[in-house]
């Protein structure tokens, strides 16, 4: 077999700097999600879905066989941050937080995760992003520093 075949689903998420609610304009937020999907596609890591709220995003990405998750997310954050600052009515001081979360997803969990990402607004009326992220870390048994 002379091929390199890869199928790695990654659930990525990260927040705005200091979790500031910078994406309150619904149309801008939707354009941001679409733009992020385009960045992923241009890196050969197509996004199955991007969603989120005013202070963070979630993305379900099929990771490329050529680049690691850190490079893909670094490009997503860098390019989307530059893009949003050029949009009319966008916050001039928009930044993403330094870190991120990236979790592997089984193919059998793709559809439930897509539903989860699609329902972020209603989900976060019950659970904060911080509590959600802590829950992911606990689920995946990842040690972390609360700072």
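Data overview
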read-out	value
Residue match in the range 58-74 (condition: more than 20 Å from residue 7 (Cα to Cα), modelled with pLDDT of 95 or more and in contact with a strand residue (DSSP E or B) (Cβ under 6 Å, 6 or more places away or on another chain))	no
Filter pass, residue 96 being buried (at least 17 other Cβ atoms within 10 Å of the Cβ), touching a helix residue (DSSP H, G or I) at 6+ places or on another chain (Cβ under 7 Å), closer than 18 Å to residue 32 by Cβ and touching a residue at least 60 places away in the same chain (Cβ under 8 Å)	yes
Hey, residue 36 surrounded by 20 or more Cβ atoms within 10 Å (Cβ to Cβ) and part of a strand (DSSP E or B) or not	no
Given (1) in contact with a helix residue (DSSP H, G or I) (Cβ under 9 Å, 6 or more places away or on another chain); (2) modelled with pLDDT of 95 or more; (3) under 21 Å from residue 107 (Cα atoms); (4) crowded, with 17+ Cβ neighbours inside 10 Å, index of the condition residue 80 fails	(3)
Options 111, 127: the member that is surrounded by fewer than 15 Cβ atoms within 10 Å (Cβ to Cβ), free of Cβ contacts under 8 Å to residues at least 40 places away in the same chain and more than 18 Å from residue 12 (Cβ to Cβ)	127
Qualifying helices (runs of 4 or more DSSP H) (wholly inside the range 100-147; at least 3 residues being over 16 Å from residue 51 (Cβ atoms))	129-139
Filter result (out of contact with any helix residue (DSSP H, G or I) (no Cβ under 9 Å at 6 or more places or on another chain), assigned to a helix (DSSP H, G or I), surrounded by 13 or more Cβ atoms within 10 Å (Cβ to Cβ) and touching a residue at least 60 places away in the same chain (Cβ under 8 Å)) within the range 1-29	17
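The values are calculated or read from the model by the stated rules, or taken from the named source; none is laboratory data. Bear in mind that the values here come from a model prediction, so they are computed numbers and not experimental data. Every residue, glycine as well, gets a Cβ built from its backbone with ideal geometry; the counts of neighbours run over all protein chains shown.
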